[in-house]
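A.B. asks: Dropping a structure here in structure tokens format, bear with me for questions.
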Amino acid sequence: MGLTPIWRSSSCPLSPDGGAVADLTVSRPPSQEEKSELSEAVRRKLSMQEVRRSLPVYPYRQYLLAAIAEHQILIIEGETGSGKTTQIPQYLYEEGYTEKGMKIGCTQPRRVAAMSVAARVSQEMGVKLGNEVGYSIRFEDCTSERTLLKYMTDGMLLREFLTEPDLSSYSVIIIDEAHERTLHTDILFGLIKDIARFRPALKVLIASATLDTERFSTFFDDAPIFRIPGRRFPVDIFYTKAPEADYLEACVVSVLQIHVTQAPGDILVFLTGQEEIEACCEMLQERCRRLGSKIPELLVLPIYANLPSDMQAKIFEPTPPGARKVVVATNIAETSLTIDGIIYVIDPGFCKQKSYNARTGMESLIVTPCSRASANQRAGRAGRVAAGKCFRLYTAWAYKNEMEETTVPEIQRTNLGNVVLLLKSLGINDLIHFDFMDPPPHETLVLALEQLYALGALNHLGELTKLGRKMAELPVDPMLSKMILASEQYKCSEQILSIAAMLSVNNSIFYRPKDKVVHADNARMNFFLPGGDHLVLLNVYTQSAFSMQWCYENFIQFRSMRRARDVREQLEGLMERIEVDLTSSEGDYVPIRKAITAGFFYHTARLTRTGYKTPRWLIYHELVFTTKEFMRQVHQPAIDSTWLLEVAPHYYKAKELEDASAKKLPRKVGKTREELG
Ligand code: CDP
Ligand code: MG
């Protein structure tokens, strides 16, 4: 089992970033005293209050509060782990910002981060999670009337604008992890900047890791930047001599190598997603088993978005003496979560990124090299508690020449349908002139408008229709919400809700262990219905009855089923609000398939096997582009082209559908591009 070093032994220290001078505070390196204090703290396992006082933000508490009192909008920059997310809301609470029942809201781009920091803060404050401290993420609201500190995903705060356009129940809004520049965070920037103008008492804090904070300042009319001086220990960086053919294998080898050759300290590995992480963890466990007592204990812990929360909490548990912990994470551990005790970082240099082709309307998730900014954040994770080491599984040349400087903001590489619908329902009609920090490409905006027009959410003037207003109320993609709303007409909302719920937990329903692939695939075949993958999902949902035993026997992930049931309950609750009756078409699949078509007709592909006289149409849920493109959730068999006319008469011309010789996808009819802008 190859333990030959794959990295170069010479090291070059991580250069400190920029050496920017603090605007409002004085930057200084940690003194020798502080350093030993800190590592001592790690060893002694401090009480929670002591830990709070040991965080880099703590000495600046008063200055920070004074700056917040003085300025309406403040940019806060601080190294990851300095206490921005967990401490600042508490300081504000202690300072009285929640008097008169006002709330402090703090957004996070990632669900896991929102849940995990809320749990941590409720512990620190000694209250039950969901009471004074709560979190809200899509399909899961863990808050109550009493909640004063509310952590939430950026997408959830965006939705709150629908019910409370001036966010009047909040005294402070913290847009955290601003450097991540997610689509929702970027939209929030524009909206918050706007409401801050007519709500002078609202405090706005933009919190970011040490990355390009001047841009935030410029966007927010030169708001001052408060820099929290970080404590960062030196990190030695190692590169591989040659590019790695198999970075997963390289990760496993590196972890074991560190484990047997290096001084105590935990390891953090960055991979791109759940599948990779699970594979890596399995490989590590397998090799540790084989090595048995020849090596000290190695605790292997995964962390990714869909991991159940009890397992997420494990990564924060202190490592038992004599053992070593290895956390295998997505880039959630880059800046959103800080795990104490990490000394070694392994960085293969990749991340999963959404990209969008506005010409074809195809959205894809591609594993690509991460940016240099990301790579530096990752390396920085190794130097929080002591001097650390970062092993980059790529060459120094690749770092210099093959990586982009920074990551392109999501708004420039994603489908905007959802966000456009939301902005339209907030009464923002002129999207071209919306205050974007970085505007999306024009074609992407136009395509989103076209799609919404096709779905009937916008009229030919680009105005929101009654249907569109209802669609915006549902926290799902426009096509899915159209499908749900169409189920009213076809009298099958019970079944459609189950399908929608299953689609939203999509990737993780079928369990396919490597050693039982054949059994798993056979089990899956049993759910086949001659109406397509959507009906298969419905079939699984109906048959499971949420029995753990049944799920086990049928290779279905019980956890995913439970989650689907939760999602379905939430959606059912929303149906009442948008006044859609619950109806059932049990046993008759035609109405169900029509409702699906009504939502997804925009995703039609023509079957072009030679021999067919008339084209046959397929409906798909999403196109996923990995090594080659394939459709996920194909609605088959081919649907009747008259259905397309029935569900979207304004969109399809009968003639085009019948024209068997047509080479292209159905073209849109009506005047869209010019009129909708
Ligand atoms: O937001 P920022 O990166 O500046 O730091 P933070 O998330 O507030 O983390 C401050 C401290 O809280 C770190 O030492 C974390 O390890 C700790 N923390 C924790 O122990 N458990 C959590 N779920 C979240 C944070
Ligand atoms: Mg944070």
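A.B. asks: For the peptides 224-232, 193-201, what is the packing order when you average, over each peptide's residues, the other Cβ atoms within 10 Å and list the highest mean first?
C.D. replies: So the peptides 224-232, 193-201, ranked by packing, come out 224-232, 193-201.
A.B. asks: So for 71, 184, fewest C-beta neighbours within 10 Å to most, what's the order? Could the numbers behind the result be given before it?
C.D. replies: Values: 71 16, 184 23.
Ordered by Cβ neighbours within 10 Å, fewest first: 71, 184.
A.B. asks: While we're looking at this one, here's another question. Would you mind ranking 397, 643 so that the residue whose beta carbon has the fewest other beta carbons within 10 Å leads the list?
C.D. replies: Details: 397 10, 643 20.
Ranked by crowding around the Cβ, least crowded first: 397, 643.
A.B. asks: Ranked highest first by the average count of other Cβ atoms within 10 Å around their residues, in what order do 266-279, 533-546 fall? Don't skip to the end; give the middle numbers.
C.D. replies: Numbers: 266-279: 21.5, 533-546: 19.1.
The densest-packed peptide leads the list: 266-279, 533-546.
A.B. asks: Apply the a/c threshold of 1.5 to the C-alpha gyration tensor of region 100-180 and tell me whether it is rounded, prolate or oblate.
C.D. replies: oblate
A.B. asks: Provide the per-residue ³J(HN,Hα) series for region 294-303, in order, calculated from phi with Karplus coefficients 6.51, -1.76, 1.60 and θ = phi - 60°, each as a whole number of Hz, with x at glycine and proline positions.
C.D. replies: 5, 10, x, 5, 10, 8, 9, 10, x, 8
A.B. asks: If packing is taken as the average number of other Cβ atoms within 10 Å across a peptide's residues, how do 565-575, 510-520 rank, most packed first?
C.D. replies: 565-575, 510-520
A.B. asks: Still on this structure, please answer the following. Note the count of lysine pairs whose C-alpha atoms are less than 26 angstrom apart in region 341-429, limited to pairs 8 or more residues apart or on different chains.
C.D. replies: So the count works out to 5.
A.B. asks: Right, another one. Taking the DSSP beta bridges in region 107-252 as the whole, what percent of them are antiparallel, to the nearest 5?
C.D. replies: Antiparallel: roughly 20 percent of the beta bridges in region 107-252.
A.B. asks: Starting from the Cα gyration tensor of region 445-586, take the square roots of the eigenvalues, sort them a ≥ b ≥ c, and report rounded, prolate or oblate (rounded when a/c is under 1.5, otherwise prolate if a/b is larger than b/c, else oblate).
C.D. replies: It is prolate, given that a/c is not under 1.5 and a/b is the larger ratio.
A.B. asks: Suppose we look only past 22 Å in the calculated P(r) of region 322-402. What percent of the Cα-Cα pairs does that tail hold?
C.D. replies: Here the tail beyond 22 Å accounts for 34 percent of pairs.
A.B. asks: Next question. Identify the GluC sites (Glu not before Pro) of region 435-473 meeting these criteria: DSSP loop state and at most 15 other C-beta atoms within 10 Å of the C-beta.
C.D. replies: Answer in residue order: 463.
A.B. asks: Something else about it: Going by how many other Cβ atoms sit within 10 Å of their own, how do 143, 335 line up, fewest first?
C.D. replies: The order, fewest Cβ neighbours first, is 143, 335.
No value in this document is a laboratory result; all are computed from the given coordinates. In this text the structure is predicted, and so the values were computed from the model without any measurement. Methodologically, a virtual Cβ is constructed for each residue, glycine included, from the backbone with ideal geometry; neighbour enumeration extends over all protein chains shown.
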